Amino acid sequence: MSTTPQPSSPAADAAKPSAEQLPCLNPATGQIITSLDVANDADIDAMVNAARQAAPSWSALSIQRRSELLVRARDIMLDRRDELLDLMISETGKPRSDATIDLLNLSETISYYTSNGPRLLADRHVSTRLLRNKRIKVQYMPRGLITNISPWNYPLDLAWSPLIPALLAGNVVINKPSEVTPLISLKFLEILREAGLPTGVAQVAIGFGAVGAALIERSDFVCFTGSVATGRKVGVACAQRLIPCTLELGGKDPAIVLADADVERTAHGLVFGAFFNSGQTCVSIERVYVVEDVYEELIDAVVRHTRSLRQGIDENFSVDVGSMIFPNQLKIVDEHVQDAVDKGARVRTGGRQNPDFPDGHFYEPTILTGVTHDMKIMTEETFGPVLPIMKVRDAQEALTHANNSPYGLNASVWTQDQARGRALARRLESGNVCINDCMINYLAVEAPFGGVKNSGIGRRKGEAEIRKYCHEKTVLEDIFGLGREPVWFPYSPQVGQGLDKAMGLLYRTGLGNKIKELLG
Ligand code: NAD
């Protein structure tokens with residue numbers, strides 16, 4: 001039995017019992033690209049067994065060796081990037097630039113963790129105040145099998161970037177890509193194998209939610225990126241098994257525009273933040289609060305820039321906005337826009353499916369004004385190319401609206417007064433904030449990324465990500481080798497009174513800190 005489901009061929013199908021099929025579609029044209037076998041329970045067991053068998057020798061390799069193999073995979077990916085971009089575009093309908101950024105994210109992740117992993121996972125000496133006669137080190141022990149369950153919107157980066165630090169740390173890994181975009185994940189798996197990763201160390205499980213659920217039952221850590229509804233189920237399933245997880249969920253990212261904002265830069269930024277990847281980005285700008293003094297001028301600029309966007313199927317970096325992923329996503333966008341219009345919003349541009357592409361899922365980049373918090377477009381994740389803009393009196397009103405949300409992933413503040421921008425950033429209930437910018441923080445692999453409230457639990461990226469895939473193991477060594485430690489049995493009044501005095505000295509007089517300072 002194959003541990004990696006492959007595109008089915010007629011010859012292969014004749015030789016084995018028929019599996020449930022997953023058709024892979026091009027959303028821009030509606031054409032079927034290929035069809036894959038969905039993993040059944042026996043396939044998943046076989047994958048998990050292969051992973052467990054591969055684990056001891058993979059974790060026994062030096063981190064330098066594991067780094068070499070991953071760097072080789074990155075280089076093969078970069079050599080073959082045209083092939084990968086073509087595949088990703090056919091699976092998602094993205095413009096080529098959007099797909100390039102997805103590939104860049106994975107390249108950057110590999111470069112950062114392979115360069116810094118050896119330092120981040122080196123044994124760490126811990127100096128203590130109390131136990132001066134002991135040597136204490138923290139070691140990083142791989143957790144075992146890490147499963148990453150990923151969505152369709154960045155199908156290469158989100159399938160593999162979380163698994164790069166996991167692999168480097170000595171874990172074995174399985175990706176369960178979205179059922180909508182499995183092909184690019186399989187392609188990177190092929191590259192990992194070509195780079196020399198042993199069988200079983202990295203695998204891809206093809207299928208729907210049930211495959212993700214089955215993997216959670218068999219894994220030691222789960223990294224999940226997707227919707228709040230599914231994230232909640234994943235969190236519960238992990239809690240039942242007492243395994244840790246990271247949940248990267250949805251957002252309703254606010255932008256606050258103050259009266260002193262640079263209008264042209266802000267308008268360009270809002271249009272990019274709202275329509276990049278057809279608005280199908282967890283950190284898309286999904287609602288804007290503009291202080292009244294600059295409202296009309298900003299609307300004019302935003303509408304002008306939106307109308308100049310080129311929508312279509314991309315050949316060579318010449319399209320700005322592509323297709324959406326599938327009909328249901330288009331339906332949500334349409335519902336949110338209709339709900340807003342029914343409640344009094346005004347469509348300034350767009351507001352409908354693009355009639356030039358009847359076979360794809362193209363929704364015109366849309367600007368709405370006259371919006372309120374009674375409308376879904378201002379409160380629920382839309383995940384499409386719509387930018388609703390609301391006029392507010394001042395920064396305080398904007399902040400109150402921005403924080404009035406169950407989400408808290410990314411946010412942005414637009415002002416030429418840096419100090420004011422920083423002060424507002426501090427008061428925003430959000431995992432990430434950009435000042436006079438948007439989204440780009442996601443490319444900073446060195447910095448933690450994640451949400452507050454319903455936008456998620458835990459963080460990705462940054463120094464902590466590679467360590468979270470390890471158990472921190474504290475190893476204490478005795479230094480002096482006395483025949484018996486003073487606090488061991490038998491207890492005596494002298495030792496008891498000595499401890500009592502020591503507590504007074506340590507905690508009431510500050511002597512403990514002075515001793516630590518002196519001893520270093
Ligand atoms: P989704 O929740 O529908 O699916 C995500 C993955 O979960 C898929 O692979 C799916 O097959 C799997 N799945 C479904 N049911 C499952 C179950 N019961 N157990 C285990 N796995 C299961 O999300 P989607 O539509 O693919 O992605 C869009 C969502 O992802 C949006 O809400 C977006 O905001 C979010 N997202 C968040 C981030 C972030 O970093 N915070 C990044 C990208 C996307």
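Figures for the structure shown
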read-out	value
Furthest towards positive pole of dipole, 228, 436, 147, structure part the chain, Cβ charges	147
Local electrostatic count, residue 326, Cβ distance below 14 Å [Lys/Arg +1, Asp/Glu -1]	-2
Which of 389, 211, 274, positive extreme of dipole for the chain (C-beta unit charges)	211
Nearby lysines by direct alpha-carbon distance to residue 137 (threshold 21 angstrom, same-chain neighbours under 8 apart not counted)	468, 473, 516
Around residue 55: net Lys/Arg minus Asp/Glu count, Cβ-Cβ under 14 Å	+3
Cα Rg, Dmax, the range 414-465, angstrom units	12.0, 34
FRET efficiency estimate (nearest 0.05) - Cβ-Cβ, residue 292 to residue 352, R0 30 angstrom	0.55
Potential extension, residue 416-residue 263 segment - 0.36 nm per residue separation minus Cα distance	54.1 nm
Under 9 Å, Cβ to Cβ, from residue 161 - net charge with Lys/Arg +1 and Asp/Glu -1	0
Check: the chain dipole with +1 on Lys, Arg Cβ and -1 on Asp, Glu Cβ, in debye	2620 debye
Cβ crowding within 10 Å averaged over residues, with 379-389, 350-360, 181-191 ranked highest first	379-389, 181-191, 350-360
Rounded to 5, the percent of DSSP beta bridges in the chain classed as antiparallel	40 percent
The range 36-95: projected area of the alpha-carbon convex hull, averaged over directions, in nm²	6.2 nm²
The chain - mean residue ellipticity at 222 nm from DSSP helices (-39,500 (n - 2.57) per run, n ≥ 4, rounded to 500)	-13500 deg cm²/dmol
Using a Förster distance of 30 Å, the FRET efficiency for residue 376-residue 452 (Cβ separation, nearest 0.05)	0.85
Dipole magnitude of the range 254-446 about its Cα centre (Cβ charges: Lys, Arg +1; Asp, Glu -1), debye to nearest 20	240 debye
Average projection area in nm² (convex hull over Cα atoms of the range 121-163, one quarter of hull surface)	4.9 nm²
DSSP bridge orientation in the range 254-446 - percent antiparallel, rounded to nearest 5	15 percent
Ordering of 255-263, 172-180 by burial proxy (mean other Cβ atoms within 10 Å per residue, highest first)	172-180, 255-263
Percent RCO, i.e. relative contact order, over the chain, from Cα pairs under 8 Å lying at least 6 residues apart	17 percent
Net dipole in debye of the range 367-520 [+1 Lys, Arg Cβ; -1 Asp, Glu Cβ; about Cα centre; nearest 20]	260 debye
Relative packing of 56-63, 107-114, 126-133, 331-338, which averages over residues the other C-beta atoms within 10 Å, highest first	107-114, 331-338, 56-63, 126-133
Rel. contact order, % - alpha carbon contacts under 8 angstrom, at least six apart, the range 254-446	28 percent
Shape metrics for the chain, restricted to C-alpha atoms - Rg then Dmax, Å	26.5, 90
Any cysteine of the chain lacking a neighbouring Cys Cβ under 4.7 Å - listed by number	24, 223, 282, 434, 438, 470
Within the range 385-415, backbone nitrogen closer than 18 Å to the virtual label 7 Å beyond the Cα of residue 328 toward Cβ	385
Lys/Arg +1, Asp/Glu -1 at C-beta; the range 464-520 dipole; positive extreme among 481, 509, 499	509
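Since every read-out is calculated from the coordinates, none of them should be taken as a lab result. Bear in mind the structure is a predicted one, so any value in this text is a computation, not a measurement. Positions of Cβ are backbone-derived with ideal geometry, glycine not excepted, and every protein chain shown enters the neighbour counts.
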